[in-house]
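Comments concern the structure below.
The values are calculated or read from the model by the stated rules, or taken from the named source; none is laboratory data. Model, not experiment: these values are computed from the prediction. Reconstructed Cβ throughout: ideal geometry from the backbone, glycine too, with neighbour counts over all protein chains shown. Please note that ligands, DNA and RNA were not included when accessible areas were found on the heavy atoms of the full protein model with its side chains. Shrake-Rupley method; radii C 1.70, N 1.55, O 1.52, S 1.80 Å.
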Amino acid sequence: MGCCSVTARGTKENGGDGHEEVELLKRDESRKPSAVCTPSPNGGPCCLPQELAILTPGKAGIHTVHTQFVSKPILFWGRTREELNNMILIEPIQGWEGQNIRSYGNVVMSSLAVMQISHTEEMSECFMVLFPLHVLILSMDHQERRFIYQGLLPLSGMSVVCEQSNTGYTFEISGPMIEPRQVSCLSSSERSLWISALRKHIQEANAHYSPVSSPISILSYLIPCDQLWKKRELIKYLTSCPIQKWEGKAIQHMGHVVYLSEVQAAHTIDGDFEDRIMVLFTEDLVFLSVDPHKTSIIHQGTLPLNAIHIEESLNWNGHLEFQITGDLMEPILIVCMTPEDYTKWVFHLQKPHHIHCGVTLHPLPFEPPKYRR
């Protein structure tokens, strides 16, 4: 362990000129610990040395600086927690869905955990990453050393349950669009950190998106969504706030939003039009509505794209209308608000029709086999 000696020489012996002489003792490099950490074969944690200088007072005004080495834990793959967090932001995640991960903000905290969805017996190891408004769930491919996307949970509307009688390392998270999940941490202190951080950011997310935070909801500024910036903000809102009466897989898992606009929809049998927000994903068409006070979004239904098609009619006198039909559904009449919306919807939903012609196709003539001489 190296040290340096700092001696004050400002005494009468040197004429009181205030000159200070610093004597540095060169550290023996051969005694410096190695900075290379070799992880265990199964990817377990190890420690990475770091220099730490400590100033210790000595006799006759001499202060000695001792150099010590502290251990920086490595979680897995030979990387520290900070390196793994940077890896999530920089390197591609297998199966990732949605927008650029950097748009979700900085990583608040992360750790290894074991997660179990309620009413199931399957338990899986995961890497939980907390962002300001979301929790990212990842699994690990230890052979390829890469993360695999498992889900992105919005904090808005989420609740954290921790029973007082529970002396283990487990807590539960649930929400309007989230199946209850049991999360088991590696230690009680880590569980306490997660519960504290989750409750803090859940409160901030609810204050950011909740209608009770102010008499005027953010939806009142986004509806009607007749401008491009409003549509972009509405897409962010839908992926970050709870949607009432939601059914099926979470909206964050439905992929990229292809198009979104306000429409009027009616079952052609009834003929009563209702305001709807129609959201087109890569495989599904989602119908949403807004409550009269513009404080919340309500799910009205989802149609798979592979089971529907649209029809245009010349009897509608040029109105911005088309009809959505399918084998197992009642036809739905859609009225668009602008010509641009009408053109976009027809372009995205229209499928090529099979062309039937009156020419009868005969089989190809028989070709005799060729023989070799």
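Odds and ends about this structure:
- Number of residues in the range 133-149 that are of a type in the set (S, T, N, Q) and either open to solvent by less than 40 Å² (accessible area, probe 1.4 Å) or in contact (Cβ under 8 Å) with a residue 40 or more places away in the chain (or both): the value is 1.
- Residues within the range 333-353 that are more than 14 Å from Val279 (Cα to Cα) and either of a type outside the set (D, E, K, R) or over 32 Å from the mean Cα position of the chain (by Cα) (or both), tallied: 11
- Matching option when the condition is among the acidic types (Asp, Glu), under 19 Å from the mean Cα position of the chain (by Cα) and under 30 Å from Trp96 (Cβ atoms), among Glu233, Glu283: Glu233
- Search result, residues across the range 215-238 that are assigned to a loop (DSSP other than H, G, I, E, B), surrounded by fewer than 19 Cβ atoms within 10 Å (Cβ to Cβ) and either touching a Cys at 6+ places or on another chain (Cβ under 9 Å) or modelled with pLDDT under 80 (or both): Pro215, Ile216
- Looking only at the range 82-127, and only at residues there that are β-branched (Val, Ile, Thr) and farther than 22 Å from Ile235 by Cβ, the one that is most open to solvent (accessible area, probe 1.4 Å): Ile90
- Number of residues in the range 154-173 that are within 15 Å of Gln116 (Cβ to Cβ), open to solvent by less than 30 Å² (accessible area, probe 1.4 Å) and touching a residue at least 24 places away in the same chain (Cβ under 8 Å) equals 2.
- Qualifying residue in the range 176-185 (condition: in contact with a Phe, Trp or Tyr (Cβ under 6 Å, 6 or more places away or on another chain) and charged (D, E, K, R)): no
- Filtered residue count, the range 266-287, keeping only those that are among the small types (Gly, Ala, Ser) and surrounded by 11 or more Cβ atoms within 10 Å (Cβ to Cβ): 1
- In the range 239-265, the residues that are closer than 22 Å to Gly175 by Cα, of a type in the set (S, T, N, Q) and either modelled with pLDDT of 85 or more or open to solvent by 20 Å² or more (accessible area, probe 1.4 Å) (or both): Thr239, Gln244
- Number of positions in the range 180-214 that are surrounded by 13 or more Cβ atoms within 10 Å (Cβ to Cβ) and modelled with pLDDT under 85: 7
- Taken together, the residues in the range 239-259 that are in a loop (DSSP other than H, G, I, E, B) and under 13 Å from Phe287 (Cβ atoms) amount to 5.
- Tally, over the range 97-143, of residues that are closer than 20 Å to Cys185 by Cα, of a type in the set (Phe, Trp, Tyr) and either touching a Leu at 6+ places or on another chain (Cβ under 8 Å) or part of a strand (DSSP E or B) (or both): 1
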